[in-house]
Structures are given as structure tokens and as C-alpha cells.
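Asks: One structure coming up, written as C-alpha cells, with questions to follow.
Read-outs: derived from the displayed coordinates by stated rules, not from any lab. Given the structure is predicted, the values throughout are model-derived calculations rather than measurements. Using ideal geometry, Cβ is built from the backbone for each residue, glycine included, and neighbour counts are taken over all protein chains shown.
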Amino acid sequence: MTPNDRIQRMRQKNGLSIKPAQPAAKPVITHVCEHVSPVARFANGFCPDCLAGFRKARAEKRRERPAPVKPTGHESQRLPHNAVFRVSYDAATETWSGYLAVPGREAVQAQASGVFRLLSVLDQMYRDSLLA
């Protein structure tokens, strides 16, 4: 027996009127766009129809956007084919030293405290030699 059943029995016993059970109103959500729909997972958002419209507009906007242009030649960020990095670590001085050899160009040499820093310095030296 549920607590509600007990309450109703006590009311009947004491001569109080029993209220008929009212059907629960189905909850609805009014979205930001002012469309009304049954309770959904998230409140105060846009309704599914508006979201579909927004997605469609965004997809059309993407199609209208021109494709990005890939750089070619010296504008490219990659090293040419057969470029070689050689690095070695000297524990006595705690430094990395190495060189970058690119076919058809003079090799560049440098030293740095870390491998990434060394590779960055060698790459920048190569890029500077392209501008000279």
C-alpha cells in the first residue's frame, strides 16, 4: 500500500471528499526561437527544426568558401627531398651539435642546449640561406 492510498483511506474514514486524480499536464518547452515542443533533453535551446536550419546554412556557407591554396616552391614549409639532419650529444659540455645538409646547397652547422632548439636553429639557417 502506497502512502497516497493510506491518505485517501483516512480521508474516506473521516468523511472528507476525495479529490479525483487529475491527469498530469504534459510538460512542454518554449525554445529561444519561441517554438513549443514536448520536454526534450535540453531546455532553453533551439528546437530541432531551427537547429537543422542553422546546420544547413552553415554547410552552404562552407561550400561557398574557396578552398585553401597550398604553398609551392620556396613558400612550402617542408625541406626538399633527401635533406639530412645529423645530431650528436656531448655530455661534457651538455650540448647538442649537428648539421643540416640539403642537396645542391652548402651544409649548415650549429650547437644548442636541446635537440628541438638545435633543429629549429638549423632550419632557420637554411631558410635564411634561401633568401640570400
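Asks: Checking a compactness column here: for segment 54-132, what do you get for Rg(Cα) / (2.2 N^0.38 Å), N being the number of residues?
Replies: Compactness ratio reported: 1.71.
Asks: Mind checking the dipole of segment 25-65: about its Cα centre, +1 per Lys or Arg Cβ, -1 per Asp or Glu Cβ, Debye to the nearest 20?
Replies: Once rounded to the nearest 20, the dipole reads 320 debye.
Asks: List the GluC sites (Glu not before Pro) in segment 51-114 that DSSP assigns to loop (not H, G, I, E or B) and whose Cβ has at most 14 other Cβ atoms within 10 Å. Which are they?
Replies: Here the sparse-neighbourhood loop sites are 94, 106.
Asks: Let me ask something else. Measuring from label point to label point, each 7 Å out along Cα→Cβ, what is the residue 9 to residue 39 span in nm?
Replies: Between residue 9 and residue 39, the label points sit 3.0 nm apart.
Asks: While we're on this one: Per-residue HN-Hα couplings for segment 26-38, Karplus 6.51 cos²θ - 1.76 cosθ + 1.60 at θ = phi - 60°, whole Hz, x for Gly and Pro?
Replies: 6, x, 10, 10, 9, 6, 4, 7, 6, 7, 10, 8, x
Asks: Could I ask something else about it? Binning every alpha carbon pair distance of segment 25-65 at 5 Å from zero, what are the percents per bin?
Replies: P(r) for segment 25-65, in whole percents per bin: 5, 23, 24, 16, 12, 9, 6, 2, 1, 0.
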